[in-house]
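Bear in mind that the values in this text are calculations on the coordinates, not laboratory data. From a predicted model like this one, the values you see are computed outputs, not experimental measurements. Neighbour counts run over all protein chains shown; Cβ positions are idealised from the backbone, glycine included.
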Amino acid sequence: MRLEGVIPILPTPFDQEEAIVYADIGPLVDFAVESGATAVGVPAFGSEFYKLSGRERKRLIDVATESAQGRLPVIVQCNHTSPQVIADIVKEAEISGAAAINTALPRAFAPSEAAIVEYAQTVCQSTSLPVILQDWNPGGPTIGLDSIKQIHEVCENFSGIKYEESGIGPLIRQIETATEGKIRVFTGWGGMYLLELIPAGVSGAMPGFSLIDVFDHIWQAAVDGNMTKAYGLYSGIAPFVQFSLQNLEMFHHCEKRLLQRRGLLSNGKVRAVTITLNPDQENYLNLLIDRTLEVISSLK
């Protein structure tokens, strides 16, 4: 499976009582297919996975794979700090119909680089599916070339890595050269760094769900060499993206409000514990959504 382009993360829809609205998953997957997404990811940070029970996560995966009906791959996020436990979670995801596994490297504390490599190798050796690593480490450096080469040498199914930071253009080129193009690099963080990294050879973006049609147009324009068009589209959504990425909970609120305005979610509820927007933030978010909807309308 050679993935590239826009791979959005499914949100978890909640009703006003914070129960999951599984009926909203099918229309979201349909929207991803119609918008040119090459896969969807679930249940990841953008899915509020850390607020879900094990049973809820499993059903969310099952509903997503059933809704996809083979039209696009479902990449299942499997996160845990214990290699022993992560191996079991990965096997369950494979049984549920995952097309690939995405796992966040454990950064709750500061493990050694050897421990990070061992964790990644355990995930890869627990499945025959392609594995995409994700590294988000605000308190220190992310996984580097030497560790990626170590994992690649042992695990043939190590297929990609998702970074959440800017300035990694040289690293993307180094990974491409060292692994002969076998390890794909993706950018996360809401797609904020996509235009910076496309010239460096990034394989795609894994943003939130609300703007995947816009990001697909940006991606297609940029890879066709029309950076002026790509920049024009991105500049229209950049204020919304930047505002949403103040913190992860703000991201959920912004994503779900926009998805609700677009008719893709029946409710914009974010499950507790979360933040509460003050009146100024509410007013500005409404303005941002209005302007972002104008950009979306221009695509039609």
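Could you work out the local net charge near Gly97, counting Lys and Arg as +1, Asp and Glu as -1, over the other residues with Cβ closer than 12 Å to its Cβ? Within the 12 Å Cβ shell, the charges total -3. Each of Leu293 and Val273 was given a label point 7 Å from its Cα along the Cα-to-Cβ line. The distance between the two points is 3.4 nm. What is the calculated FRET efficiency for Asp280 to Asn137, with r their C-beta to C-beta distance and R₀ = 30 Å, to the nearest 0.05? About 0.40, to the nearest 0.05. The relative contact order of the stretch 5-212, computed from alpha carbon pairs under 8 Å that lie at least 6 residues apart in sequence, is 19 percent.
Dividing the convex hull volume of the alpha-carbon atoms in the chain by its residue count gives 126 Å³ per residue.
Which listed residue (Pro8, Met227, Asn267) has the Cα farthest towards the positive end of the charge dipole for the chain, taking +1 on Lys and Arg C-beta and -1 on Asp and Glu C-beta about the Cα centre? Among Pro8, Met227, Asn267, the one farthest towards the positive end of the dipole of the chain is Asn267.
Taking the Cα centre of the chain as reference, the dipole from Cβ charges on Lys and Arg (+1) and Asp and Glu (-1) amounts to some 200 debye. Ordering Ala64, Val33, Gly191 by Cα displacement along the dipole of the chain toward the positive end leaves Val33 in first place; charges were set at the Cβ atoms of Lys, Arg (+1) and Asp, Glu (-1).
Projecting the Cα positions of Val123, Ser166, Thr276 onto the charge dipole of the chain (unit charges on Cβ atoms of Lys, Arg, Asp and Glu, taken about the Cα centre) puts Thr276 furthest along the positive direction.
Among beta bridges identified by DSSP and lying wholly in the chain, the antiparallel ones come to about 5 percent.
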